[in-house]
Amino acid sequence: MNINLLDDRVLVEPIERKFTKGGLILPPGAGDKQPFVMKDGIVIKVGPGKVSATGERVKMTLAEGDLVYYPANLAGPVEIDGKAYVILNENGVIAFTKKKDIEED
């Protein structure tokens, strides 16, 4: 995959779920129009970070492999090499789990 992200943007591979945690089946597109539908996914690539007012790069908090949770309405869908991804700003991510913590579970 040859894509370069600008500033604090992250490329996320969404985790598609067909069932809720309680076992309910969700029809395609259920809740997509609601403003606070939460999605989750794995960070595939991160940008270099924002440039501060002093001209310095601000280090990204997120890294490749992190599990992120984000509002569906903030993510811009994109298809790369036939796979669905979303691009969003790092500050659009509500919560995350570091890759090392996922691997320990």
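The values are calculated or read from the model by the stated rules, or taken from the named source; none is laboratory data. What you see is a predicted model, and the numbers here were worked out from it, not measured in a lab. Every residue, glycine as well, gets a Cβ built from its backbone with ideal geometry; the counts of neighbours run over all protein chains shown.
Would you pick out the residues in the stretch 52-80 that are among the hydroxyl-bearing types (Ser, Thr, Tyr) and surrounded by 11 or more Cβ atoms within 10 Å (Cβ to Cβ)? Give the steps one after another, and end with the answer.
Of the stretch 52-80, the ones among the hydroxyl-bearing types (Ser, Thr, Tyr) are 52, 54, 61, 69-70.
Matches in the stretch 52-80: THR61, TYR69, TYR70.
The rows are residues; the columns are (1) in a loop (DSSP other than H, G, I, E, B); (2) not β-branched (Val, Ile, Thr).
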{"position": "VAL43", "(1), (2)": "no, no"}
{"position": "GLY49", "(1), (2)": "yes, yes"}
{"position": "TYR70", "(1), (2)": "no, yes"}
{"position": "PRO77", "(1), (2)": "no, yes"}
{"position": "LEU88", "(1), (2)": "no, yes"}
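For ARG9, are the conditions met, namely being modelled with pLDDT of 90 or more, surrounded by 11 or more Cβ atoms within 10 Å (Cβ to Cβ), more than 14 Å from the chain's Cα centre (by Cα) and of a type outside the set (A, V, I, L, M, F, W, C)?
Spelling it out, it is not the case that ARG9 is modelled with pLDDT of 90 or more, surrounded by 11 or more Cβ atoms within 10 Å (Cβ to Cβ), more than 14 Å from the chain's Cα centre (by Cα) and of a type outside the set (A, V, I, L, M, F, W, C).
On the basis of being on the phi < 0 side of the Ramachandran plot and either surrounded by 12 or more Cβ atoms within 10 Å (Cβ to Cβ) or touching a Gly at 6+ places or on another chain (Cβ under 6 Å) (or both), does LYS83 make the cut?
No, not satisfied.
Here are ASP101, ASP32: which of them is modelled with pLDDT under 90, of a type in the set (Asp, Glu) and part of a loop (DSSP other than H, G, I, E, B)? Step through it out loud before you land on a result.
Details: ASP101 fails: part of a loop (DSSP other than H, G, I, E, B).
Checking each option against the conditions leaves just ASP32.
Among VAL68, VAL51, which is the only one that is of a type in the set (A, V, I, L, M), under 11 Å from the mean Cα position of the chain (by Cα) and at pLDDT 90 or above?
Working: VAL51 fails: under 11 Å from the mean Cα position of the chain (by Cα).
Going through VAL68, VAL51 in turn, just one is of a type in the set (A, V, I, L, M), under 11 Å from the mean Cα position of the chain (by Cα) and at pLDDT 90 or above: VAL68.
Which of the residues spanning the stretch 57-69 are of a type outside the set (Val, Ile, Thr) and either under 14 Å from ILE44 (Cβ atoms) or in contact with a Ser or Thr (Cβ under 8 Å, 6 or more places away or on another chain) (or both)? Walk me through how you get there before you give the answer.
The first filter runs over the stretch 57-69 and keeps only residues of a type outside the set (Val, Ile, Thr), leaving 57, 59-60, 62-67, 69.
Answer for the stretch 57-69, where residues must be of a type outside the set (Val, Ile, Thr) and either under 14 Å from ILE44 (Cβ atoms) or in contact with a Ser or Thr (Cβ under 8 Å, 6 or more places away or on another chain) (or both): MET60, LEU62, ALA63, GLU64, GLY65, ASP66, LEU67.
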